[in-house]
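Worksheet: the structure to be examined is printed underneath.
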Amino acid sequence: MRRYFKYLKEYKWRCIFGTLSKWFEAVLELLVPLVMARIIDVGVANEDTAYVLWGGAVMLAMGAVGFLCALYCQRSASIASQGFGTNVRNALFSHINTLSYRELDKIGSASLVTRTVNDVNQMQSGVAMIIRLVVRAPFIAAGSVILCLLIDWQIGLVVTAAAVIVALVLWMIMRRTVPYYSKNQKKLDRLSQIAGENLEGARVVRAFRSRNKERARFDAAAEDMLDNSLRIGKISAFLNPLTYAIVNFSVALILLWSGFKVNTGVLTNGEIIAVINYMMQILNAMIVISNLVSLFTKAHASMNRVSEVFDLQSSIDEGGNAQCDFSAPAVEMADVCFSYAEKGQNTLRNINLKIPAGATVGIIGGTGSGKSTLINLLPRLYDAGSGSVKVFGHDVREYPVRELRFLFGVVPQNASLFSGTVRSNLFWGNDKATDEQYEEALRVACAYDFVKEKGGLDQAVTEGGRNFSGGQRQRLTIARAVVAHPRILILDDSCSALDFATDAKVRANIAALKDVTTIIVSQRVSSIRGADIIFAMEDGAIAGCGTHEQLYADCSLYREICDSQARAAE
Amino acid sequence: MKQTKSLKRNIAGRLLRYVRPYKAYVLGAFVFSILYVGFVLLGPVLYGRAIDHMIGEGAVEFAQVYRMVAGFAACVLLAALSQKLLGNCVNSLCYKLVRDLRREAFFAVTEARVKYVDSHAQGDVMARIVNDVDIISDGLLQGASQLFTGVMTILATLVVMFVINYVIALVVVILTPLSLFVAAFITKRTFKSFSKQVKVQGELAAHAKEMIGGQKAVILFNEEKYSCEKFEKIDRELYEIGWRAQYYSALTNPSTRFVNAIIYAVVGVLGAIFCILSVRSGGQLVLGALTLSGFTVGMLSVFLSYANQYTKPFNEVSNVITQMQNAFASAERVFEVIDEPAEERGGNKHIEKVRGDIRIENARFSYEPGQKLIENFNLDVKAGSKIAIVGPTGCGKTTLINLLMRFYDLNEGNIFVDGVNIRDIPLDEYRGMFGMVLQESFLAGETVAWNIAYGKGNATREQIEAAAKAAYCDFFIRNMPDGYDTVLSSNINVSQGERQLLCIARVMLADPPMLILDEATSNIDTMTELRIQKAFKKIMQGRTSFIVAHRLSTILDADVILVMNHGSIIEQGTHAELMEKKGFYYNLYNSQFAKSE
């Protein structure tokens, strides 16, 4: 928890004064019943109107001062907690941006988003509640008990006992309902799942005439949820009546006892009224505390989830200071092994390959054969487990990592565009290029025509680029990579949504680029058959390399792939 | 304005119809909340009396005190009891209503036309079924019960106060608008800044989602700094709006306490003075021309205890009103789903034994009126033949599937199966004649066996396994953690190709007379691909089959090839005929297929 103090540091005084002012408000509030008791016992008993009026004025003043204190506190708490949340969020987000692929894989992007947004919010409201209520509620509860003890210690003991019992009841009800609440969430997820499947699989449900089957499924889930909700309802419906009854039975007991005390002259009417008032205060404070407990449990769980992210350290270091030697081969790998899990099976086994600068290289293989993993090692998205990966004459770890990545233009498998405009997406590749250069890149990627048709470089791109078709997105990501003028261009199965003719055209345009080494990863023979060298991969190893003709003659895997696809071309 | 009002009444009326089966709970809620309010308010009156009987040293009338305290205790017991029963009634009513609404909405979705599903965002429809229903229950039912109790409390408090001493009661009534005013002010400010906050928060979440989701691209392009800067910018904006929103909403409690404090002080002072005046004039309260019954310390204690919680219901009422507004909006959204028209169920002609002749006559269809898609399309298919549908990506091959499966109906023209117009056949019976394997292989989050038996509910385990074997699924199913009983979820690794094989097994088990198949384009490894081809071949034997074809072998095997472009069928015939024609197909064939060898 200590690590988060620094995010609150600039709000230190706000926290302290906010808490203090809230405490002062509580003090004033506790004193009100005492003033009222004096009004009754002194003012009314002595028929002293002036005393009564003075007492009223004091109560009003106390109320006003208390109100001002509370305003100050709420304001401080809002600023401090929101500021805290902002600081943590920023720190968390920029920390996430230092992480490498390995850490991102570990937590998963969906979970990282919820942690950045929801969990930090939860922590933020935790901070707000600490400032606003943590001092106030227990102080009111304890203060009320103490004042009752001071008024009359025996009656004070009854009050204490009542307070303890109320606390116990609250605790027990909370403990019993918590497991049902988490069950409820699961049951709700199940309902969403079934509803989602019926939307996504609307055609299948209809084709198989399974309407009634699906309804029965949903009904069962809804019924299950109802059962659970009713159970929660039954238990939590005890909360208010029980606490109300405990407090008021104690009031009844106190009244009986005070009868004797008034009779012997040790207690006054005003004091009885004050004690009853304190009882109500205690009840309210206790309920606030029980809400606080559940809030803090949530905030604490959120904090742990956020800390988990802060604890991750990037597995990729900053690298050395090497300079490229462009006369050396573009890529050389020697005995490279790699595994995603620490002790898992190797995804890449003993890879040896050499790619001369300026060549066009194809990598082919089935899903899971290790193609994408292999190319991920080049811009150091992952580091190899053993063996050496060299780019332009030096081990990739010897380059400054950012400089290294600038050498590459990667077109990833899932064409990911970002919301903005076509131009802002191309910015990612190169933010200094002119419009002509952008247009040129679009032409290379066969994207110029549809971009122009849609509205040019300033055409809006929605989240994930969903306003473009799959093939158009792929071509835009190709343009984004090309405009960066990379030394090594990597196309990771990035033409799968293009028809054969466009695919061929894009490849021809890329081949015409100067000083570029191109690596094409594909499952289609047609995409790579023209390459200078082809590597056929299977189960994380290279099964053969050479030109199309050589491989077709020598490598059984390659022949099998070709034949399965050529079946379409007898 | 008038229109929205009548709409609201309409919605309220419909909601009431859902409440009707649970009349007993509603009645219970009414009765118990009245009892609850009554007993809660009666309590202080009784203990006030008790205090009045403790006159002073040596002057306590114990018999009276006992009676009053006993009465008070009884009140407390009854109040607690009715509160618990009230809670039970409201909970049962809410949760049952939630179930009913969800069920109706879900039923509507299972019955809705495919067009509805296609044209509405999934997340939105799901939110209506799941979240909006909860909002209705929170806002309308919990809200209604709170509102009722709140208003009852306010009214009953006023009545009791007026009975005891109407002068103080009048003063309280005059001070009441103060608390209403404060509540209204805060609600308005809070609402405004909250809606702003929701917007910025949404922006922040969207940015985080997009950037973290695309983090790998961020790293590749060295764009970490840009991404962080943008995030911080939005976050700063959120801070400015957020703390204000928080502040306004945090004002409620202190303001209530302040208003309470004022009322408490005024009541206290007035009450104390009235006590003094009553004592002075010997048990009667004379205020100028007014003469009232005497005011006592016990009565003052009643007033003080009321004054302490007097403003609480006012706050609740103003909260409830915003909640109810949200609930109405949600109810409208839920009813939109429920009101979605169902598919036409077809006529009542039956075909005893389906052969599989299909004739399409003068078909015209488009998704949007005014748009031209399929025009004057005719096709005659003999039972058992294979029809390949080819064309470039996005040419509308799925439209044909939509029409054949009656996911959409023709605008003009007719489709006949074995000479019977398909509109005359009961919809479900008609769809049962087709087996469908789509590219996006949809499987439910249930066990593998459940999914394979999806089209045949009474299938035995032997039949399921036989179908799986026939579709080459058996070996990989056996490798799953629980074999056939493995529940499919994101944790279970089933590749795209394997999914398609499971879908083929599902169709094999259902054993329909006609088929619609959609060949997958990419991302399937070689071995699985071969298995799918073999499975397709096996299943097509003797069945009229429509295949969306991406593979040349499929096309060459076909009895008829339909060539589609821009959503319409532009050529049809056998491979030889179409090549002869040297039209669109000829070019397509040369660019798409011939080159790969």
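The values are calculated or read from the model by the stated rules, or taken from the named source; none is laboratory data. None of these values were measured; they are calculated from a predicted model. Here the Cβ positions follow ideal geometry from the backbone for every residue, glycine too, while neighbour counts run over all protein chains shown.
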Original post:
Taking A:Ala245, is it more than 30 Å from B:Ser441 (Cβ to Cβ), more than 9 Å from chain B (Cβ to nearest Cβ) and crowded, with 19+ Cβ neighbours inside 10 Å?
Top reply: no
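For every residue, the table says whether it meets (1) at pLDDT below 90; (2) surrounded by fewer than 22 Cβ atoms within 10 Å (Cβ to Cβ).
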| residue | (1), (2) |
| --- | --- |
| A:Val396 | no, no |
| A:Ser424 | yes, yes |
| A:Lys454 | yes, yes |
| A:Gln474 | yes, no |
**OP:** Considering (1) among the β-branched types (Val, Ile, Thr); (2) more than 33 Å from the chain's Cα centre (by Cα); (3) at pLDDT below 80, say which one B:Ile273 fails and leave the rest.
**Re:** (3)
Original post:
Restricting to segment A:55-67, what's the tally of residues that are at the interface with chain B (Cβ under 7 Å from one of its Cβ atoms) and aliphatic (A, V, I, L, M)?
Top reply: 2
**OP:** For residues that are surrounded by fewer than 20 Cβ atoms within 10 Å (Cβ to Cβ) and either part of a helix (DSSP H, G or I) or more than 7 Å from chain B (Cβ to nearest Cβ) (or both), tally how many sit in segment A:200-216.
**Re:** 6
Subject >> Yes/no for A:Ser294 being away from chain B (no Cβ under 14 Å) and at pLDDT below 85 >> reply: yes
Original post:
Would a scan of segment B:318-330 turn up a residue that is more than 14 Å from chain A (Cβ to nearest Cβ), among the aliphatic types (A, V, I, L, M), part of a loop (DSSP other than H, G, I, E, B) and out of contact with any Lys or Arg (no Cβ under 6 Å at 6 or more places or on another chain)?
Top reply: no
Original post:
Looking only at helices (runs of 4 or more DSSP H) that fall completely inside segment B:23-122, which ones have 1 or more residues that are in contact (Cβ under 8 Å) with a residue 60 or more places away in the chain and within 30 Å of B:Met152 (Cβ to Cβ)?
Top reply: B:23-52, B:62-111
Subject >> Every residue from segment A:404-458 that is at the interface with chain B (Cβ under 10 Å from one of its Cβ atoms) and aromatic (Phe, Trp, Tyr) >> reply: A:Phe406, A:Phe408, A:Phe418, A:Phe427, A:Trp428
Original post:
Just a yes or no: is a residue in segment B:564-577 surrounded by fewer than 19 Cβ atoms within 10 Å (Cβ to Cβ), within 14 Å of chain A (Cβ to nearest Cβ) and touching a Pro at 6+ places or on another chain (Cβ under 7 Å)?
Top reply: yes
Original post:
Just checking, which of A:Gly43, A:Gly56 is part of a helix (DSSP H, G or I) and more than 57 Å from the chain's Cα centre (by Cα)?
Top reply: A:Gly43
**OP:** Residues being among the acidic types (Asp, Glu) and modelled with pLDDT of 85 or more: count how many of those fall in segment B:128-179.
**Re:** 2
Original post:
How many residues are surrounded by fewer than 21 Cβ atoms within 10 Å (Cβ to Cβ) and within 7 Å of another protein chain (Cβ to nearest Cβ) when one looks only at segment A:224-233?
Top reply: 3
Original post:
Within segment B:309-324, is even one residue over 30 Å from B:Arg257 (Cα atoms) and assigned by TED's automatic domain parsing to the domain that holds B:Asn253?
Top reply: no
**OP:** Being under 30 Å from B:Ile262 (Cβ atoms) and polar (S, T, N, Q) is the filter; apply it to segment A:68-106 and report the residue that is farthest from the other protein chains (Cβ to nearest Cβ).
**Re:** A:Ser76
Subject >> Flag for B:Ala206 being hydrophobic (A, V, I, L, M, F, W, C), touching a Pro at 6+ places or on another chain (Cβ under 8 Å) and at the interface with chain A (Cβ under 9 Å from one of its Cβ atoms) >> reply: no
Original post:
Any idea which residue in segment A:175-199 is farthest from the other protein chains (Cβ to nearest Cβ), counting only those that are among the hydroxyl-bearing types (Ser, Thr, Tyr) and out of contact with any Lys or Arg (no Cβ under 7 Å at 6 or more places or on another chain)?
Top reply: A:Ser182
**OP:** Output yes when any residue across segment A:515-522 is outside any strand (DSSP E or B), in contact (Cβ under 8 Å) with a residue 12 or more places away in the chain, outside the structural domain of A:Phe418 (by TED's automatic domain parsing) and surrounded by fewer than 23 Cβ atoms within 10 Å (Cβ to Cβ), and no when none is.
**Re:** yes
Subject >> A:Ala508 being touching a strand residue (DSSP E or B) at 6+ places or on another chain (Cβ under 9 Å), hydrophobic (A, V, I, L, M, F, W, C), more than 25 Å from A:Ser424 (Cβ to Cβ) and surrounded by fewer than 21 Cβ atoms within 10 Å (Cβ to Cβ) >> reply: no
Original post:
Out of (1) of a type in the set (D, E, K, R); (2) outside the structural domain of A:Ala481 (by TED's automatic domain parsing); (3) in contact with a helix residue (DSSP H, G or I) (Cβ under 8 Å, 6 or more places away or on another chain), what's the single condition that is false for A:Lys354?
Top reply: (3)
**OP:** Identify the residue in segment A:523-542 that is in a loop (DSSP other than H, G, I, E, B) and within 12 Å of chain B (Cβ to nearest Cβ) and, among all such residues, is surrounded by the most Cβ atoms within 10 Å (Cβ to Cβ).
**Re:** A:Gln523
**OP:** Can you tell me which residue among B:Glu498, B:Glu465, B:Glu440 is away from chain A (no Cβ under 14 Å) and either among the basic types (Lys, Arg) or over 24 Å from A:Ala220 (Cβ atoms) (or both)?
**Re:** B:Glu465
Subject >> A:Gly18 assigned to a helix (DSSP H, G or I) and in contact (Cβ under 8 Å) with a residue 40 or more places away in the chain >> reply: yes
Original post:
What residue, of B:Val117, B:Val109, B:Val98, is surrounded by 17 or more Cβ atoms within 10 Å (Cβ to Cβ), modelled with pLDDT of 90 or more, closer than 17 Å to A:Val205 by Cα and within 8 Å of another protein chain (Cβ to nearest Cβ)?
Top reply: B:Val109
Original post:
Among the listed residues B:Ile569, B:Ile516, which satisfies the condition of being at pLDDT below 85, assigned to a strand (DSSP E or B) and either within 26 Å of B:Phe365 (Cα to Cα) or touching a strand residue (DSSP E or B) at 6+ places or on another chain (Cβ under 8 Å) (or both)?
Top reply: B:Ile569
